[in-house]
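Before any comments, here is the structure.
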Amino acid sequence: MTGRTSFFEKVLNRLLTIWLELVTGFLWWGVGYIPFHHVRRFFYRVVGMKIGTGSTIHMMARIYDPRQIVIGADTIIGERATLDGRRQLLGSKSGLTIGNHVDIASEVMLWTSEHDLESPTLAPIEEPVVIEDYVFIGPRAIILPGVTISRGAVVAAGAIVTRNVAPMTIVAGVPAKEIGQRRGELNYRLGRARWFQ
């Protein structure tokens, strides 16, 4: 009985993987190039992504497992961003959670999955990524699995974030290190995203 169960689990997992690859391709080639925010947002929601009011994902975003991605209100994600929602355990929290009033620049990569370099099979390690409210992430920054970027933090362009970032902290570099602090109370709206992007 165990062998049969294992066989069916493998088949089911393989079919699920193929389905997610088809969804990823559809979102990249079919939806990602549509020059209208409302149309793209409609399709992202249809495939299971949760997107808050007034939030926008610009063109050509690369999205992995949209069912496990949650985006808050008034958040703008730049063109060619990578949003990775993959997670290992069923029933665990979302792979990628992005809060309210978050500004993510172009070509930012948010990864929830990487390879275990200590594993003889190069097994995947999948850990959730959390981006809290009022965060700004500069162009081409990379956020690695298991990282939380706390409220009001800033990640400079090109930084690679391997550890959690404290609230209101500004980080830069490879690997990212603290270079400053934001001041004052955060209470702003990002406003309308540019059309045809």
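Brief remarks follow.
- Modelled spin labels at residue 179 and residue 29, positioned 7 Å past Cα toward Cβ, are 4.0 nm from each other.
- Neighbour net charge for residue 135 - beta-carbon separation under 13 angstrom, K R +1, D E -1: -2
- Dipole of the chain, positive end: most advanced residue of 98, 30, 19 [Cβ charges, Cα centre]: 30
- Directionally averaged projected area (convex hull, Cα atoms, the chain), nm²: 12.2
- GluC sites (Glu not before Pro) restricted to DSSP loop in region 108-197 with at most 11 other C-beta within 10 Å: 118, 185
- Crossing angle, helix 37-46 versus the chain [Cα axis fit, 0-90 degrees, rounded to tens]: 30
Bear in mind that the values in this text are calculations on the coordinates, not laboratory data. Here the structure is a predicted model, which is why all the values come from computation and not from measurement. Using ideal geometry, Cβ is built from the backbone for each residue, glycine included, and neighbour counts are taken over all protein chains shown.
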